[in-house]
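Peer 1: This is the structure I have questions about; it appears just below.
The values are calculated or read from the model by the stated rules, or taken from the named source; none is laboratory data. Given the structure is predicted, the values throughout are model-derived calculations rather than measurements. Cβ placement follows ideal geometry from the backbone for every residue including glycine, while neighbour counts extend to all protein chains displayed. The accessibility values were calculated without ligands, DNA or RNA, using every heavy atom of the protein model including side chains. Shrake-Rupley method; radii C 1.70, N 1.55, O 1.52, S 1.80 Å.
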Amino acid sequence: MMNRLRGSGKRGFLITFEGVEGSGKTTQMNMLHAHLLRLKVDVIATHEPGGTRIGEEIRRIILNPVFGEMHPLTEAVLYAADRAQHVQEVIKPALDEGKVVLCDRYIDSSLAYQGVARGLGLEAIRNLNEWVTGDLYPDLTVLLEIPFEVGLQRLRKRRKALDRMEGQPERFYAHVQEAYRSLAKLFSARFLVLNGAEPPDRIHHRIMQEVLSLLGLQRSSE
Ligand code: TYD
């Protein structure tokens, strides 16, 4: 039996992970996913861009470094198209079934990268994304903060070839980092801001505390 969350007829929970590249959000999402599965919570983990067949194709275009000429508007609309499909095909159906949905990047990535770092404006990106998601905002957003230089260093160690979004000048990531900080203040009710430089286990513990309280579950005896 899966743990029942919220009464019948109510939707599940959307928990998103945000941060600059190399901030450790994917690791943390995977740790949370495994832990919730051990607690028999009905949970799925997914990611953007991608997470659907169509989304994976869109992802291939957006991140392909040969497309250096991609206009910021094209980029913003492609991320939004990916998100529209992802919400309709994966996220909403899962929430309607009462599941907990963990998502590696979501709306806040578009607000930070396209809205601020690309300079398209928060309002425009917010409107576009509220339209394509039907105003579906996360219940909780975990922001892992790490100096962007450290994140980029981790990234370069991990992989040889950088994708199109990773080949930006350093000031681009400085803008992203600053934007995330502002978003966390603007949406303080749903943001959990953690220091991504701390040991992974300690970060996981903090996330777990927050998530168990969000889900209305007792702390596990693990
Ligand atoms: P990904 O390989 O998922 O990287 P990461 O491990 O950093 O999450 O690449 C996603 C890239 O796309 C990343 O550079 C952030 C960027 N992005 C946006 O600019 N806007 C968005 O809306 C999303 C979802 C991602």
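Peer 1: As a test question: what accessible area, to the nearest 10 Å², does His71 have when a 1.4 Å probe is rolled over all protein chains in place?
Peer 2: 100 Å²
Peer 1: Pairs of Cα atoms under 8 Å, at least six residues apart: use those to get the relative contact order of the chain, whole percent.
Peer 2: Values: 332 pairs, mean separation 68.3, N = 222.
Value for the chain: 31 percent.
Peer 1: If amide H atoms are built 1.01 Å from N in the plane of the peptide, which residues on other chains or at least 5 residues away come under 5 Å of the amide H of Val43?
Peer 2: Val100
Peer 1: If you don't mind, another one. Using a 1.4 Å probe and counting only protein heavy atoms, arrange Glu130, Glu69, Glu149, Glu198 so the residue with the most accessible area comes first.
Peer 2: Working: Glu130 45, Glu69 140, Glu149 90, Glu198 65 Å².
Ranking Glu130, Glu69, Glu149, Glu198 by accessible area, largest first, yields Glu69, Glu149, Glu198, Glu130.
Peer 1: Related question: Which angle between 0 and 90 degrees, to the nearest 10, do you get for helix 170-186 versus the longest principal axis of the chain when only C-alpha atoms count?
Peer 2: The helix 170-186 is inclined about 40 degrees to the chain.
Peer 1: With everything on Cα atoms, drop me the angle between helix 148-158 and the longest principal axis of the chain, reported from 0 to 90° to the nearest 10.
Peer 2: Roughly 90 degrees between the two axes.
Peer 1: I'd like the orientation of helix 53-63 relative to the chain: the angle between its Cα long axis and the longest Cα principal axis, in ° from 0 to 90, rounded to 10.
Peer 2: The two axes meet at around 40 degrees.
Peer 1: Given labels modelled 7 Å from the Cα in the Cβ direction, how far is it in nm from Ile54 to Arg158?
Peer 2: Those two pseudo-labels are separated by 2.8 nm.
Peer 1: Right, here's the next one. Hey, what do the phi angles of region 103-113 turn into as Karplus ³J(HN,Hα) couplings, whole Hz, using 6.51/-1.76/1.60 and θ = phi - 60°, x for Gly and Pro?
Peer 2: Coupling constants for region 103-113: 10, 7, 6, 7, 3, 5, 4, 5, 5, 6, 7 Hz.
Peer 1: Before rounding to the nearest 500, sum -39500 (n - 2.57) across all DSSP H runs of length at least 4 in the chain and divide by the residue total; then give [θ] at 222 nm in deg cm²/dmol.
Peer 2: Working: 8 runs with 101 residues, N = 222.
Dividing the helical sum by the residues of the chain leaves -14500 deg cm²/dmol.
Peer 1: Longer than 29 Å from Cα to Cα, which of Lys25/Lys92; Lys40/Lys92; Lys25/Lys185; Lys92/Lys157 are they? Say none if no pair is. Before the final figure, lay out each step's value.
Peer 2: Numbers: Lys25/Lys92 22 Å; Lys40/Lys92 21 Å; Lys25/Lys185 19 Å; Lys92/Lys157 36 Å.
Flagged as over cut-off: Lys92/Lys157.
Peer 1: Just how far, in whole angstrom, is region 47-102 from region 164-178 if you go by their alpha carbon centroids?
Peer 2: 20 Å
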